[in-house]
Amino acid sequence: MSAARDSTVRVGLVYPELLGTYGDRGNAVVLVQRLRWRGLDAELVEVTAGAPIPDSLDVYLFGGGEDDPQVMASAGMRASRAAIDRARAGGAAVLAVCAGFQLIGHSYEAADGTMIDGLGLVDAVTRAGPNRLIGELVVDPDPPLPVLTGFENHGGRTTLGRLERPLGRVVARNGSRGEPEGLLGERLIGTYMHGPVLPRNPALADHILAWVVGDLAPLDSTREEQLRATQLHAGSARGVRRWWQERVLARG
Ligand code: GLN
């Protein structure tokens, strides 16, 4: 465990008022609950916008947000960069979703040309694309994890540096497949998957928790797996249908 010297795992929800679209708070709730179900002490720590981000958290959750709140969040995140670095050096984990993912990279160039500087924790840059990507997303992950399901809604397209590794490959998305998704770093995940992503993908939640507390006792995740199966089915069917339609339409 990182900076928290007692045995309580501190799950940090960073700026939920700014970075909290599509229920990303649920990621924090799931991490805390999956620890408590295993008899481990866990605490959800909210870092309200404007407050310095402490170095005492074991998990840092950066959620999604529209462009304006993202500008506000980026200033506070950059001001707390040293604390985040200390925590990471001590073993803390990071999950960054959508705007949060963009902000752990070097920069985000919005559609109106506004440049937002990120933390530069990872070698990635984001630029607004020609359209928004909206809908269910199915991802085949690189680490030994089952296929992931999420929901995305963003205009930005993130390009990883040569040495960075994606979280996985897109299996189904509105109209495309095969491209890399997200980023997998050392005790760090960046992704465009809302949903929120951890309630939908309990194995991913446990993957992150194992970085912080080590081996985890198994949990009965039957209900979570039912949700995952439903969403995977919806995402795959819709994504494949759109992909096929767009191919046919593209051929004219
Ligand atoms: N503002 C960013 C974009 O549109 C992120 C959106 C989000 O977090 N859902 O790319």
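The values are calculated or read from the model by the stated rules, or taken from the named source; none is laboratory data. Not measured: the values here are computed from a predicted model. Every residue, glycine among them, receives a Cβ derived from its backbone with ideal geometry; neighbour counts consider all protein chains shown. The area values use the complete protein model at the heavy-atom level, side chains included, leaving out ligands, DNA and RNA. Shrake-Rupley method; radii C 1.70, N 1.55, O 1.52, S 1.80 Å.
Here are the numbers for this structure:
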{"read-out": "Label-point separation, Arg38 to Asp68 (7 Å along Cα→Cβ), nm", "value": "4.1 nm"}
{"read-out": "Reciprocal mean inverse distance between Cα atoms of the chain - Kirkwood radius, Å", "value": "18.2 Å"}
{"read-out": "Amide H contacts of Ala42 (H built 1.01 Å from N, under 5 Å, at least 5 apart or other chain)", "value": "Val9"}
{"read-out": "Theoretical FRET efficiency, 1/(1+(r/R0)^6), r = Cβ-Cβ of Asp215 and Arg86, R0 30 Å, to 0.05", "value": "0.70"}
{"read-out": "Protection proxy ranking, peptides 84-94, 160-170, 8-18, 215-225, average beta carbon neighbours within 10 Å, highest first", "value": "8-18, 84-94, 160-170, 215-225"}
{"read-out": "Convex hull (Cα only) mean projected area of the range 89-195, reported in nm² to one decimal", "value": "6.8 nm²"}
{"read-out": "Ranked by how many other beta carbons lie within 10 Å on average, peptides 52-59, 189-196, 67-74 from highest", "value": "189-196, 52-59, 67-74"}
{"read-out": "Radius ratio Rg over Rh of the range 1-149, counting only Cα atoms, Kirkwood formula for Rh", "value": "0.97"}
{"read-out": "Projected label distance in nm at Ser7 and Leu227, using a 7 Å step from Cα toward the beta-carbon", "value": "2.8 nm"}
{"read-out": "Gain in span if fully extended, Ala234 to Asp112, counting 0.36 nm per residue against the direct Cα distance", "value": "40.6 nm"}
{"read-out": "Full-extension gain in nm, Ala75 to Thr48, via 0.36 nm per residue minus C-alpha separation", "value": "8.4 nm"}
{"read-out": "For the range 21-37, Karplus couplings with θ = phi - 60° (6.51, -1.76, 1.60), whole Hz, Gly/Pro x", "value": "6, 6, x, 4, 4, x, 4, 5, 4, 5, 4, 4, 5, 5, 6, 5, 4"}
{"read-out": "Note, ³J(HN,Hα) from phi for the range 117-127, Karplus 6.51, -1.76, 1.60, rounded to Hz, x at Gly and Pro", "value": "7, x, 7, x, 5, 10, 8, 7, 10, 10, 10"}
{"read-out": "Percent of beta bridges antiparallel (DSSP, the range 1-150, rounded to nearest 5)", "value": "25 percent"}
{"read-out": "Cα-based radius of gyration of the range 1-64 once divided by 2.2 N^0.38 Å, which approximates compact folds", "value": "1.08"}
{"read-out": "Accessible surface of the range 26-138 [probe 1.4 Å, protein heavy atoms]: carbon and sulfur percent", "value": "53 percent"}
{"read-out": "Share antiparallel - DSSP beta bridges, the chain, percent rounded to 5", "value": "55 percent"}
{"read-out": "Accessible surface, the range 128-238, averaged per residue in Å² (probe 1.4 Å)", "value": "44 Å²"}
